[in-house]
Amino acid sequence: MLEGLAVRDAMQSLSPAHRQVLELFYVRDRKQTEIAELLGLPLGTVKTRAYHALRALKLALQERGVDA
Amino acid sequence: MPEHVAPHPDLAGYLLGALDPAEAAAFERHLEGCEACRAEVAELQGAAELLERAAPPVEVPPGLRERTFAAVERAATGERRGRWLRLAAVAAVVVVALFGGMLVSQSGPFGDRGRVVELALQAPEGGPASASARIRQVDGRLEVDMEVSGLAPNPPGTTYECWFVGVGDTLERPNRVSAGTFTVADDGRASLHLTSGADLDRFPTMGVTLEADGGDPRRSGDKVLVSQPAA
């Protein structure tokens, strides 16, 4: 599935912090508060980081020709 | 439009499905009155959906997630090296998340490696449809050969989906993993070869449902075939 490959490639291109936060978010049943606890970061930081990580992912997908 | 320097803090959590119901409801109320956030949601939801589709949450063998998070807890309460241990534990969680679904228990039906399990599937309400599935464990994965007969051709815009189903599965609280999709032509037959990372100890039953096309990974359609649990 080409789309899946593009997503994986786009994920690899993100900064480690952005990649990590997205990986933690898509583990089912992990809520924001749990992720903040896991990372030892303030909840607000996790929320902001997740937002910027999504933006970065969208850009990386577009660079790979995926209309996200 | 009001000045909007930063989006609502829960926007990403909403798109990634990481809000609890009260938070999600509060965010949706905010969305109704915030054009800028609606535009952000529209712009980013494609990326969130692609992420979900490309890396669907995987099933982790029973106990492994609990053990891993227990290790995280222990690391988090450590002292000087706490932070490094915690990061290592976080990495372990991610590895569990990404590869946990591939692990297959060595106990249960496959305690002696290479054993074959055969399951017979029948229509839950009775009828001519039936299937037989032959399941082998090969290199930690399940190789399934399935012969289907007497099944109505799937209507346009739908597909049949094959599942490994665990105990207590319901539409509201699914406990199942997809093993693949197939179509049935006018002769009512299908021959399938499927590969799955499912743990047969945890998902001992096989089933087939009729699903609408469109990539929604959850089950929403009717059960057309079900098996007894693997012994």
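What is the residue count in region B:174-205 for residues that are among the β-branched types (Val, Ile, Thr) and under 10 Å from B:Trp163 (Cα atoms)? Before the answer, list the steps.
As a first pass, look at region B:174-205 and keep what is among the β-branched types (Val, Ile, Thr): B:177, B:181, B:183-184, B:195, B:205.
Next cut, under 10 Å from B:Trp163 (Cα atoms) only: B:177, B:181, B:205.
So the answer is 3.
Only a single criterion out of (1) more than 14 Å from the chain's Cα centre (by Cα); (2) at pLDDT below 80; (3) within 26 Å of B:Ala54 (Cβ to Cβ) is not satisfied by B:Pro217, namely (1). Of all residues in region B:162-191, those satisfying the criterion of being of a type in the set (Gly, Ala, Ser) and surrounded by 13 or more Cβ atoms within 10 Å (Cβ to Cβ) are B:Gly166, B:Ser178, B:Ala179, B:Gly180, B:Gly188, B:Ala190. Every condition in (1) in a helix (DSSP H, G or I); (2) hydrophobic (A, V, I, L, M, F, W, C); (3) more than 7 Å from every other protein chain (Cβ to nearest Cβ); (4) under 27 Å from B:Glu23 (Cβ atoms) is met by A:Leu54 except one, and the failing one is (3).
Evaluate region B:143-152: report whether one residue or more is surrounded by 13 or more Cβ atoms within 10 Å (Cβ to Cβ), β-branched (Val, Ile, Thr) and out of contact with any Asp or Glu (no Cβ under 7 Å at 6 or more places or on another chain). Give the derivation first.
Our first condition is that a residue be surrounded by 13 or more Cβ atoms within 10 Å (Cβ to Cβ); within region B:143-152, this holds for B:143-152.
From the residues that got through so far, the ones that are β-branched (Val, Ile, Thr) too are B:144, B:148.
Of the ones still in play, those that are also out of contact with any Asp or Glu (no Cβ under 7 Å at 6 or more places or on another chain) are B:144, B:148.
Looking through region B:143-152, at least one residue is surrounded by 13 or more Cβ atoms within 10 Å (Cβ to Cβ), β-branched (Val, Ile, Thr) and out of contact with any Asp or Glu (no Cβ under 7 Å at 6 or more places or on another chain).
If you check A:Leu43, A:Leu14, A:Leu39, which single one turns out to be free of Cβ contacts under 8 Å to residues at least 24 places away in the same chain and more than 7 Å from chain B (Cβ to nearest Cβ)?
A:Leu43
Residues in region B:16-53 that are out of contact with any helix residue (DSSP H, G or I) (no Cβ under 9 Å at 6 or more places or on another chain) and at the interface with chain A (Cβ under 7 Å from one of its Cβ atoms): how many? Looking only at that region, the number is 1. Tell me which residues, restricted to region A:19-36, are closer than 14 Å to B:Ala18 by Cα, facing another protein chain (nearest Cβ under 8 Å) and outside any loop (DSSP other than H, G, I, E, B). Residues satisfying the conditions are A:Leu22, A:Glu23, A:Leu24, A:Phe25, A:Gln32, A:Ile35. A count restricted to region B:138-177 and to residues that are among the acidic types (Asp, Glu) and either under 13 Å from B:Leu225 (Cβ atoms) or assigned to a strand (DSSP E or B) (or both) stands at 4.
The values are calculated or read from the model by the stated rules, or taken from the named source; none is laboratory data. Just so it is clear, the structure is predicted and the values come from calculations on it, not from any experiment. Virtual Cβ from ideal backbone geometry, glycine too; neighbours counted across all protein chains shown.
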